[in-house]
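Peer 1: Can you keep this structure in mind? I'll have questions shortly.
The values are calculated or read from the model by the stated rules, or taken from the named source; none is laboratory data. The shown structure was predicted, so the numbers you read here are calculated from the model rather than taken from an experiment. Here the Cβ positions follow ideal geometry from the backbone for every residue, glycine too, while neighbour counts run over all protein chains shown. Please note that ligands, DNA and RNA were not included when accessible areas were found on the heavy atoms of the full protein model with its side chains. Shrake-Rupley method; radii C 1.70, N 1.55, O 1.52, S 1.80 Å.
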Amino acid sequence: AIDFETDSLSEKLQPLERAAPTVFVIEGVTMYISAESLRLTLGTLRSLVPVHQVIADLMTRDFIDRYGKTIKRAIAQLGANMIPGEQPARPFEQAGYRQISSREIADAALRYRSLGWLVPIARLLAGGLFSGYTVRVFETA
């Protein structure tokens, strides 16, 4: 675990074996930090472990505005802000990563509950619910 406000990512990752296949999971983080902070984090990962993959959940601003107003207010009351961008994958691209897969969380949730038959209907009624919150896998290019 890391507190991005006070901890040094480089120091936390120093014991990491650089030659071993490595996957970093950035979960529940990207919607709370700026694109610049994310680019700096990715730059640190690339400098410490040049070849790796990153799995991250990414959320668009439109998704939060449409479907997450209540949770956004609750999180603000706790002292945090949700600041997802319009193109949440852009910092990865700018840091030299390429996306190798993407999974829509709403699609996965419906299929997990054996409700896959609802996916086409839900896409028609609430397309942003699907495209606005995803889990993506990136690798260093």
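Peer 1: Where is the GNM fluctuation largest for the chain (alpha-carbon springs, 10 angstrom cutoff): Ala20, Ala106, Ala89?
Peer 2: Highest fluctuation of the listed residues: Ala20.
Peer 1: Defining a contact as two alpha carbons under 8 Å apart and six or more residues distant in sequence, what relative contact order in percent does the chain show? Show your work: numbers first, answer last.
Peer 2: Numbers: 188 pairs, mean separation 42.7, N = 141.
Value for the chain: 30 percent.
Peer 1: Rounded, prolate or oblate: which fits the stretch 77-116, taking a ≥ b ≥ c as square roots of the Cα gyration tensor eigenvalues, rounded meaning a/c under 1.5, else prolate when a/b beats b/c? Spell out each step's value before the answer.
Peer 2: Values: a/c = 3.76, a/b = 1.24, b/c = 3.03.
It is oblate, given that a/c is not under 1.5 and a/b is not larger than b/c.
Peer 1: For the chain, set up a Gaussian network in which alpha carbons nearer than 10 Å are linked by springs, and say which option among Thr44, Thr70, Thr22 fluctuates the most.
Peer 2: Thr70
Peer 1: Expressed as a whole percentage, what fraction of the accessible surface of the chain belongs to carbon and sulfur atoms when a 1.4 Å probe is rolled over the protein heavy atoms?
Peer 2: 55 percent
Peer 1: How long are the three semi-axes of the equivalent ellipsoid of the stretch 10-54, in whole Å, if each is the root of 5 times an eigenvalue of the C-alpha gyration tensor, listed from largest down?
Peer 2: After diagonalising the Cα gyration tensor, the semi-axes are 20, 11, 9 Å.
Peer 1: Using +1 on the beta carbon of Lys and Arg, -1 on that of Asp and Glu, and nothing else charged, what's the dipole of the stretch 96-141 about the Cα centre, debye to 20?
Peer 2: 60 debye
Peer 1: At 1.4 Å probe size, with every protein chain present, just tell me what the per residue accessible area of the stretch 36-141 comes to in Å². If you can, show how the numbers build up before the last one.
Peer 2: On the way: 6140 Å² over 106 residues.
That works out to 58 Å² per residue.
Peer 1: What translational diffusion coefficient, to the nearest whole µm²/s, does the chain have by Stokes-Einstein, given a Kirkwood radius computed over alpha-carbon pairs, a temperature of 37 °C and 0.692 mPa s viscosity?
Peer 2: The calculation lands on 200 µm²/s.
Peer 1: At R0 = 35 Å, how high is the FRET efficiency between Val51 and Leu124 if r is their beta carbon distance? Nearest 0.05 is fine.
Peer 2: 0.25
Peer 1: Which GluC sites (Glu not before Pro) in the stretch 77-134 sit in a loop by DSSP (not H, G, I, E or B) and have at most 13 other Cβ atoms within 10 Å of their own Cβ?
Peer 2: Listed in order of number, the matching sites are Glu86.
Peer 1: Would you look at the GNM of the chain, springs on alpha carbons closer than 10 Å, and say which of Phe24, Phe63, Phe92 moves the most?
Peer 2: The residue with the greatest mean-square fluctuation here is Phe24.
Peer 1: Contour minus end-to-end for Asp62 and Ile100, with contour as 0.36 nm per residue of separation and end-to-end as the Cα-Cα distance?
Peer 2: 11.3 nm
Peer 1: Just name one of Ile100, Pro50, Gly127: the one whose Cα is farthest towards the positive end of the charge dipole of the chain (beta-carbon charges, Lys/Arg +1, Asp/Glu -1).
Peer 2: Checking the options against the dipole of the chain, the answer is Gly127.
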